[in-house]
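**Student:** Below you will find the structure I want to go over with you.
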Amino acid sequence: MLILDCPYCGVKAEETELQAGGEAHLKRYGPGSSDEEFDGYMFMRKNPKGVHFERWRHAYGCGKWFLAARCTATLEVFGTYPAQTSAPPADLQAKIKSKRPNWEGYK
Amino acid sequence: MSTRLPKGGRLIDRTKPLNFTFNGRRMQGYQGDTLASALLGADQMLLGRSFKYHRPRGLVASGAEEPNALVGLGTGSRFEPNQRVTTTELFEGASAASQNHWPSLEFDVGAINNTFGRFLPGGFYYKTFMFPRFAWKHVFEPVIRQSAGLGKVPQDRDADRYEYAYGFADLVVVGGGVAGLAAALQAGKEGKRVLLIEQTAHWGGRAPVDGVEIDGRPAEDWVKATVEALGKMANVTLRTRTMASGLYDHGYLLAYERIGDHTPGDGRPRHRLWRIRAGHVVTATGAIERPLSFAGNDIPGVMLAGAVRDYVVNWAVSPGDRTVVVTNNDDAYRTALALTEAGLIVAAVVDARASVTGALPDAVRAKGIRVLEGRGIAKVKGTKRVTGVSICAQAGEGAEIEEIDCDAIAMSGGWSPVVHLWSHCGGKLIWDDARAMFRPDAAKPPTGDDGMSMVTAVGSANGALTADEVLADVAKQMGGKAAKTNSVAEAALEPVWIMPQGAGPQLKMKMWLDYQNDVKVSDVQLAAREGYHSVEHTKRYTTLGMATDQGKLSNINGLAVLSDALSQAIPQTGTTTFRPPYTPISMGAIAGEARGDIFQPLRKTPMDEWHGANGAYFEPVGLWRRTYCYQRPGEGVHEAVNREILNAREKVGMLDASTLGKLIVKGPDAGRFLDMLYTGVMSTLPVGKCRYGLMCNENGFLSDDGVVVRLSEDTWLCHTTSGGADRIHGWMEDWLQCEWWDWKVYTANVTEEYAQIAVAGPNARKVLEKLGGMDVSAEGLPAMEWREGVLGGCRARVYRISFSGELSYEIAVPASEGLALWKALIAAGEEFGVMPYGTEAMHIMRAEKGFIMIGDETDGTVIPQDLNLNWAISKKKADYLGKRAQERSHMASPDRWKLVGLETLDGSVLPDGVYAVADGVNANGQRNVQGRVTSTYYSPTLKKGIAMGLVKHGPDRMGEVIDFPADGGKVFKAKIVDQVFYDKEGAKQNV
Amino acid sequence: MSNAVSALQGKSAVGFATVTEAGLQGMITLRGDLKSAKLKKAVKSAAGVDVPAARRITLKSGRGAGWMSPDELLILVPYAEARATVEALSKALADDHHLVADVSDARAMFRIKGDKADQVLAKLCPVDLKTLADGELRRTRAAQVAAALWQSDKGEFTLVSFRSVADYVFGALELSARSGSELSAS
């Protein structure tokens, strides 16, 4: 059972206090988008063995959504950060790159 | 025979005898006994029958690895099957019964399987029950169900209570032997927050039994002093009777504390499941001795050498008068010495090694005991009890050299570290050839959230064997200085996987690898011949190491035999996966506090107590408890529902609608936000008014509905379905936090702040007027508007909204005043014929009016357009959640099933969920379908069945009759009609 | 106001710790910019305390404020004053983006008293109570429902849950506090 640090309130919360929200950094496509764009937004999800970015909500705590970078194979958590961003923080990306040199980036 | 020795027994208190029964026979043991030692002390060697062949079985081990001696323990509400006698502490009045035999333990019919054993080889089930196909259901399965399964299922409700506890520690040390104690002491001195747990009731592990001396004093004294020192450290917590069951992600350790097993009925919880978050885990879990595979090694009286020593030293019980020790290593010689020390006879030590020298064998020889070098056991004599052994050359094929009379055999095939916790969460093992064991690979440990190792294995759990090695290993890994011990040099063991080495098929068929599941050397070899090369496949094919064993006793011997059969090295074969729990834990512990009234949260409205006192027949709605109907004495549920509906239609009814979700949305961008959330336009809703709204998910499907209220210029109140409040609030926050975080909107879930009461019916206004305080006239409070005021002394917000089609008011008051208002309305309504009504009446009344219900008309694949709700969808808005999805060709198709009303030709009620059939069959040969029923009821108002359903091209087919085949071959013929069955003009609600 | 009753009307149970439903308590949700001077002033005036730091609660003679999230406070006042406080806060913050909601009736409040009160909570909440700081407000899970808790006095914890699950929470607390089930001697 995972533990993740909530970047808003600082609580090291265990999985039962959190709500998982799937892949992070999806771009929303609304009316006017092509079928391919909408299909990608709605249905296509990464399933990497390795570095992954996820949405989590501190549901039984401060109620805030945050994002987490995690290795799906070892469960190592590289870091968590607030959800109000479209890309992982640069220092976190650098940290991941140093730990997983073959990582191809979050996109 | 096995018996209690006249003196000794470090764990028993002879001044405290305890009475117990086994299969109804009265027996006596002592305080400090396990059920195993007490039974053995009472000469009860035969304790059960094996799973497949029903062979007689006795004790093999003295601890958690015991495969045979599982009993039904207790009676009635405290009965529990499959209790391991070696880990059950004896208590006064204990009642145990053997399992897996019929009619009796001594005479068992199922033992016929033993005679025909050669017809029940590995994979027997897979091979036999394939054909003929019908036989599985009618012959094989009933027979197997009758004979399979260990133990009986308890019949009574469990009398005990259970609980969880959450624990936190920098370091959890698992195992209270000398390694664990030394590790905890060192960490404690360093100021770490330490939790030390031990699965038995005693500290010290094997060292006191094995005659270890530490720092010049007996291990027992060192253990006592160390436990005392630890007890004085404020940063160290000690727990006995607590077994580490499993280690999971990020240092999550489950531990099973058996608080009251040995004191049943004393009012304490029986078990406690610790959910521990460990910064780091030290596994000092010791090692388990391996059996040797010789013919007849399962006959009662054949035991592990270490276990024999335990019974003699710990509990003063001798498994036999005359014991033969058989071994491939020096450690077993300690058993010979312990037996001699206790005045018992050791007939011989049979050692598979060709030449045996060293301190321990010399000490044994010095006692005058024969040591047979290069010898093995060809065969054990006896059936329900060992009577002797046939000795052969280990290097040969089993020709008897001599026969030795004995009534017990102490065997040792070497020791295997307990690596379960290390392995549960991904730690890897390496094969140590010199010690013939898998031990933790320190280079590949299980890792935690920081990517670093989260487990350290120390002592015997790390492959150390002598006390010196154990303490040195602890010091090396934990820091500090290792204490000196009296360890003597021991010669290397010689791996012996079958005995004798050249044994033929006859002997191999009687060499047990897995006692509990009746897996023999011959079964594993057969599996290899039949192509099962993967150890995981072989495990499943043969059942080796399954059930409670989980790789404790049978693992290494089994995979050594498999490796040999496959002509490959053991590391190439590898091990099977170690899975939690280490030993079985009770269902009660897993449930914890969650049973009875607190099995799960039951949400109650402020008026719940009144409902209960007034005939409420409750139903669950999400986690809420709601009143389905209020039954009067002698009244059935359906009669009550019909009465409630007619009364609301003719007079006035009251519904507790407190469970409706209530979400405040406020801010300069709140209108814009709600326009994105709802399919309709909410930003234009005037203050003081209400509007019905629909919410879709991004896939376009209808997700929730409710009335939206404009409270002020920048504040809206969104009503959601009863089950949807938390979900929709989370949905709102998701979009506000993760997508439109620059929009100025705050939300608050105020669902529970208000009790809400619907007053509906022709007399509704009269009731409110009698209560007084607010203008609720047609002009003062028109339909789809709201007003705030004081009603009957309660501060109230009154909405003129109707889900029943009647003149209706929904009154929201602070929850703490809900009960008072409810009672006031009941009293005020008396002269107008008020009756409370429940959720079923609400459902039927809304169906009579053709209103949809989320969860009935919707199922996650229905878009609002399917339900003819286009009027609630804005065509002007550029965007709303779900809009893009609804533009997809399939969603815009005219062939989608659409909502219509359905009326059976004979007035009967359509069954729920039935499908309307169309001509022809589909690709799978199934009848084509053209629609289905979504809601169906008997309408007391219209005195006939009414239904709604989704039908292909439905709205264009009014008047058409379609067929709904139901269970039992009956076909319902129903006419497609308008979905509004009652008061189509809405005259009743607009008065 | 005489009509108002709390969820369990003061129900109490005695075990190795005493569990009591604490009756009606004024509680107000305030969402806004916690750093704004105007909000700070409004909180001080309504609750008599400063805006608490993250995850902290400050209480002074029956009034106070707790930090719920980066943009949310829980204002505590006597029940009878809740409505007036809502109005005062709304008025003070009228020109700023904010949300004030009376949630006094949406909640139930419990006190767990005794030397081992923490052991009761340790059975229900995945929280390391030994490291709970003075004045720390911890939002978490109590068995299967959301809860907020803090140490309100020496040997006393206060726990807040939703009103509808008051019976459930009381049941779980009562069971966990039963004599004989102490987790340890201290």
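The values are calculated or read from the model by the stated rules, or taken from the named source; none is laboratory data. It should be emphasised that the depicted structure is a prediction, and the values quoted were computed from it without experimental measurement. Neighbour counts are summed over all protein chains in view; Cβ atoms, including those assigned to glycine, are modelled from backbone coordinates with ideal geometry. Surface areas here come from the heavy atoms of the whole protein model, side chains and all, with no ligands, DNA or RNA. Shrake-Rupley method; radii C 1.70, N 1.55, O 1.52, S 1.80 Å.
**Student:** Modelled label-to-label distance, B:GLU397 and C:ALA185, 7 Å Cα→beta-carbon offset: nm?
**Tutor:** 6.7
**Student:** Give the lysines whose C-alpha is closer than 16 Å to that of B:LYS232, dropping any in the same chain fewer than 8 places away, or say none.
**Tutor:** B:LYS189, B:LYS192, B:LYS224
**Student:** Shifting gears a bit: Looking at chain A as a GNM with Cα springs under 10 Å, which of A:PHE78, A:PHE38, A:PHE53 has the largest mean-square fluctuation?
**Tutor:** A:PHE38
**Student:** Test of understanding: extend the Cα→C-beta vector of B:GLU713 to 7 Å, then name every residue of the stretch B:674-696 with backbone N under 20 Å from that spot.
**Tutor:** B:674-675, B:682-690
**Student:** Could you run the numbers on buried accessible area between B and C, total for both chains, 1.4 angstrom probe, in Å² to the nearest 100? Each step should come with its number before you reach the end.
**Tutor:** Values: alone 40910 and 9530 Å², together 46560 Å².
The summed interface area works out to 3900 Å².
**Student:** Also, I was wondering about something else. In whole Å, what three semi-axes, largest first, describe the equivalent ellipsoid of the protein assembly as shown built from its Cα gyration tensor (square root of 5 times each eigenvalue)?
**Tutor:** Taking √(5λ) for each eigenvalue gives 66, 36, 30 Å, largest first.
**Student:** Just need log10 I(q)/I(0) for the stretch B:247-292 at q = 0.18, 0.21, 0.25, 0.28 Å⁻¹, Debye formula, equal scatterers on the alpha-carbon atoms, no solvent, rounded to two decimals.
**Tutor:** Evaluating at q = 0.18, 0.21, 0.25, 0.28 Å⁻¹ gives log10 I(q)/I(0) of -0.75, -0.81, -0.87, -0.95.
**Student:** For the stretch B:667-754, what does the alpha-carbon gyration tensor say about shape, rounded, prolate or oblate, given a ≥ b ≥ c as the root eigenvalues, a/c under 1.5 as rounded, and a/b over b/c as prolate?
**Tutor:** It comes out rounded by the Cα gyration axes.
**Student:** Rank-order C:9-16, B:381-388, B:89-96, B:301-308 by packing density, defined as the average count of other C-beta atoms within 10 Å over each peptide's residues, highest first.
**Tutor:** Numbers: C:9-16: 15.0, B:381-388: 17.8, B:89-96: 19.9, B:301-308: 27.4.
For the peptides C:9-16, B:381-388, B:89-96, B:301-308, the packing ranking is B:301-308, B:89-96, B:381-388, C:9-16.
**Student:** OK, next. Ratio of alpha-carbon Rg to the 2.2 N^0.38 Å globular estimate for the stretch B:640-718, to two decimals, please.
**Tutor:** Working: Rg = 16.0 Å, N = 79, 2.2 N^0.38 = 11.6 Å.
My calculation over the Cα atoms of the stretch B:640-718 gives 1.38.
**Student:** Considering Cα pairs under 8 angstrom that are at least six residues apart, work out the relative contact order of the stretch C:26-105 and quote it in whole percent.
**Tutor:** 41
**Student:** For an R0 of 25 angstrom, estimate the FRET efficiency from the Cβ-Cβ distance between B:HIS533 and A:ASN47 and round to the nearest 0.05.
**Tutor:** For R0 = 25 Å, the calculated efficiency reads 0.25.
**Student:** Please work out the Cα center distance from the stretch B:798-834 to the stretch A:28-64, rounded to the nearest Å.
**Tutor:** Taking the Cα centre of the stretch A:28-64 as reference, the centre of the stretch B:798-834 is 44 Å away.
**Student:** In this model, which of B:LYS666/B:LYS883; B:LYS604/B:LYS944; B:LYS444/B:LYS481 are farther than 30 Å apart at the alpha-carbon?
**Tutor:** Beyond 30 Å between Cα atoms: B:LYS604/B:LYS944.
**Student:** To continue, here is another question. Between B:ASP432 and B:GLN568, take the C-beta separation as r, use R0 = 25 Å, and let me know the FRET efficiency to the nearest 0.05.
**Tutor:** Efficiency for this residue pair is about 0.90.
**Student:** Shifting gears a bit: For B:SER534, C:SER186, give me the order by solvent-accessible area with a 1.4 Å probe, most accessible first, ignoring ligands, DNA and RNA.
**Tutor:** From most accessible down to least: C:SER186, B:SER534.
**Student:** Moving on. Just counting partner chain Cβ atoms within 10 Å, what average do the residues of peptide B:964-971 show around their Cβ?
**Tutor:** Numbers: counts 0, 0, 0, 0, 0, 0, 0, 0.
Across B:964-971, the average partner-chain Cβ count within 10 Å equals 0.
**Student:** A further question follows. From other protein chains only, count the Cβ atoms within 10 Å of every residue's Cβ in C:178-184, then give the mean.
**Tutor:** 5
**Student:** Looking at the stretch A:22-74, which trypsin sites (Lys or Arg not before Pro) are DSSP coil and have at most 15 other C-beta atoms within 10 Å of their C-beta?
**Tutor:** Passing both the DSSP loop test and the Cβ count: A:LYS27, A:ARG45, A:LYS46, A:LYS49.
**Student:** Kirkwood hydrodynamic radius of the stretch B:496-568 from all distinct Cα pairs, in Å?
**Tutor:** Numbers: mean 1/r = 0.0840 Å⁻¹.
11.9 Å is the Kirkwood radius here.
**Student:** Shape verdict for chain B, please, from the Cα gyration tensor: rounded (a/c under 1.5), prolate (a/b greater than b/c) or oblate.
**Tutor:** prolate
**Student:** What's the carbon and sulfur percent of the stretch C:26-105's accessible surface, probe 1.4 angstrom, rounded to a whole number?
**Tutor:** With neighbouring chains kept in place, the figure for the stretch C:26-105 is 53 percent.
**Student:** Now for a separate question. Just reorder C:LYS116, B:LYS744 by solvent-accessible area, largest first, 1.4 Å probe, all chains present.
**Tutor:** B:LYS744, C:LYS116
**Student:** Please average, across the residues of A:45-57, the number of beta carbons from any other chain that are within 10 Å of each residue's own beta carbon, and give a whole number. Before the final figure, lay out the partial values.
**Tutor:** Working: counts 0, 0, 0, 0, 0, 0, 0, 0, 0, 0, 3, 0, 5.
Per-residue shielding by partner chains comes out at 1.
**Student:** For Cα pairs less than 8 Å apart in space and 6+ apart in sequence, what is the mean separation divided by the residue count of chain B, i.e. the relative contact order in percent?
**Tutor:** Contact order relative to length: 9 percent.
**Student:** Okay, moving on. What lysines could a cross-link reach from B:LYS384, if we take a straight Cα to Cα line under 22 Å and drop same-chain neighbours fewer than 8 places away?
**Tutor:** Straight-line reach from B:LYS384, under 22 Å: B:LYS52, B:LYS508, B:LYS510, B:LYS520.
**Student:** If you roll a 1.4 Å probe over the heavy atoms of the protein chains, what accessible area per residue do you get for the protein assembly as shown, in Å²?
**Tutor:** Numbers: 49850 Å² over 1284 residues.
Each residue of the protein assembly as shown exposes 39 Å² on average to a 1.4 Å probe.
**Student:** Rounded, prolate or oblate, given the Cα gyration tensor of the stretch B:302-397, with a/c below 1.5 counting as rounded?
**Tutor:** Numbers: a/c = 1.97, a/b = 1.13, b/c = 1.74.
Oblate, since a/c reaches 1.5 and b/c is not below a/b.
**Student:** Continuing with the same structure: Count charges around B:TRP222 for me, please; just the other residues with Cβ under 12 Å from its Cβ, Lys/Arg as +1, Asp/Glu as -1.
**Tutor:** My count for the surroundings of B:TRP222 gives -2.
**Student:** A further question on this structure: When the helix-only estimate is applied to chain B (DSSP H runs of n ≥ 4, each -39,500 (n - 2.57), divided by the residue count), what is the mean residue ellipticity at 222 nm, nearest 500 deg cm²/dmol? Can you show the working numbers first?
**Tutor:** Numbers: 26 runs with 214 residues, N = 991.
Estimated from H runs of four or more residues: -6000 deg cm²/dmol.
**Student:** Let me ask something additional. At 0.36 nm per residue, minus the direct Cα-Cα distance, what do B:ASP170 and B:LYS384 gain on full extension? Give it in nm, one decimal, please.
**Tutor:** Computed gain between B:ASP170 and B:LYS384 is 72.0 nm.
**Student:** Further question on the same structure: Packing-wise, with mean Cβ within 10 Å as the measure, how do B:404-415, A:87-98, B:921-932 rank, highest first?
**Tutor:** My ranking of the peptides, most packed first, is B:404-415, A:87-98, B:921-932.
**Student:** List the aspartates and glutamates whose alpha-carbon lies under 14 Å from that of B:LYS984, not counting same-chain residues fewer than 8 positions away?
**Tutor:** B:GLU806, B:GLU848
**Student:** For chain C, find the longest principal axis of its Cα atoms and tell me its angle to the long axis of helix C:37-47, 0 to 90°, nearest 10.
**Tutor:** Approximately 50 degrees, to the nearest ten.
**Student:** Turning to a different aspect of this structure: For chain B, which whole-number percentage of the solvent-accessible area (1.4 Å probe, protein heavy atoms only) is attributable to carbon and sulfur atoms?
**Tutor:** 53
**Student:** With every protein chain left in place and a probe of 1.4 Å, what is the accessible surface of C:ASP167, to the nearest 10 Å²?
**Tutor:** Probe radius 1.4 Å; accessible area of C:ASP167 about 60 Å².
**Student:** From the residues B:GLY945, B:LEU717, A:GLY21, which one has its Cα farthest along the dipole of the protein assembly as shown in the positive direction, the dipole being from +1 and -1 charges on Cβ of Lys/Arg and Asp/Glu about the Cα centre?
**Tutor:** The listed residue farthest towards the positive side: A:GLY21.
**Student:** Hey, another quick one. Divide the volume of the convex hull of the Cα atoms of the stretch C:60-186 by its number of residues and quote the answer in cubic angstrom per residue.
**Tutor:** On the way: hull volume 15.4 nm³, N = 127.
Dividing the Cα hull volume of the stretch C:60-186 by its residues yields 122 Å³.
**Student:** When ranked by the protection proxy of mean other Cβ atoms within 10 Å per residue, highest first, what sequence do the peptides B:49-58, B:620-629, B:871-880, B:857-866 form?
**Tutor:** On the way: B:49-58: 24.2, B:620-629: 20.2, B:871-880: 13.3, B:857-866: 18.6.
Ranking the peptides B:49-58, B:620-629, B:871-880, B:857-866 by packing returns B:49-58, B:620-629, B:857-866, B:871-880.
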